[in-house]
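Peer 1: Below is the structure I would like to discuss, written out as structure tokens.
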Amino acid sequence: MGFFTDTSVCIGCKACEVACKEWNAVPEDGLEFTGMSYDNTQGLGADTWRHVAFIEQDKPVGNADSGVRWLMASDVCKHCTHAACLDVCPTGSLFRTEFGTVVVQEDICNGCGYCVPACPYGVIDQRKEDGRVWKCTLCYDRIGDGLEPACAKACPTDSIQFGPLDELRERAAVRVDQLHEMGVEDARLYGHDPEDGVGGDGAFFLLLDEPEVYGLPPDPVVTTRDLPAMWKHAGVAAAALAGGIAALFTVHGRLGGRR
């Protein structure tokens, strides 16, 4: 199960942010006017599990000669198929659910923070109060009871859609074709490909510009992909070192016997 977020119909109402906070009891995160845009939260964090980006572009819309275009997109944890945060968690606090999503068990998290730099999207964050990490759970408690996540339920335009990933990918491909036929040539999918660097995302997006414009990495790669090779090389080095030490003791033993 997962999310398909169609940014072409996002109106920036932030209903998803509010619904996420209310259902999951996520603390208020400042609501400070940044002067950067109408976006007051700026990005995902321990106290912002859903973030609606407001991107202002000096670009005409439609057939207009000039004007301003707003790109709005509700961002969230990607629930990677190959999740580096799972690989580095020493306590089992992070686990893969029966729905294929990735969830943090806050009562098991020891605040080590290994998962924070491991995330290729910079999603996971620690709370300053206790050091534990927090992120979107894809409303694990709600979907376990047959309900859709709070953010998708609250979205008035169906920009956020929830369901089986295979169905969502088919729906997303049709939507991209529709937009291309309408002349929106920049429409593209992001995070939908199971062959990408993270094995495909459980939360993928339809974007109207390059991923970097939205603050997303263009080619995300699971940060722990080289761990097996690293352990293999470390094992070979350890075996060679052990062999050298054994040979040294053997030589000294022989010399000691001659004396």
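Peer 1: Could the peptides 154-163, 211-220, 2-11 be put in order, highest first, of the mean number of other beta-carbon atoms found within 10 Å of their residues?
Peer 2: 2-11, 154-163, 211-220
Peer 1: Just how many pairs of Lys in the range 35-167 have C-alpha atoms closer than 26 Å, counting pairs that are eight or more places apart or on different chains?
Peer 2: 4
Peer 1: In whole percent, how big is the carbon plus sulfur part of the accessible area of the range 1-48, probe 1.4 Å, protein atoms only?
Peer 2: With neighbouring chains kept in place, the figure for the range 1-48 is 57 percent.
The values are calculated or read from the model by the stated rules, or taken from the named source; none is laboratory data. Quantities reported herein were computed from a predicted structural model and do not represent experimental measurements. Neighbour counts are summed over all protein chains in view; Cβ atoms, including those assigned to glycine, are modelled from backbone coordinates with ideal geometry. Keep in mind that these areas ignore ligands, DNA and RNA; they rest on the heavy atoms of the full protein, side chains included. Shrake-Rupley method; radii C 1.70, N 1.55, O 1.52, S 1.80 Å.
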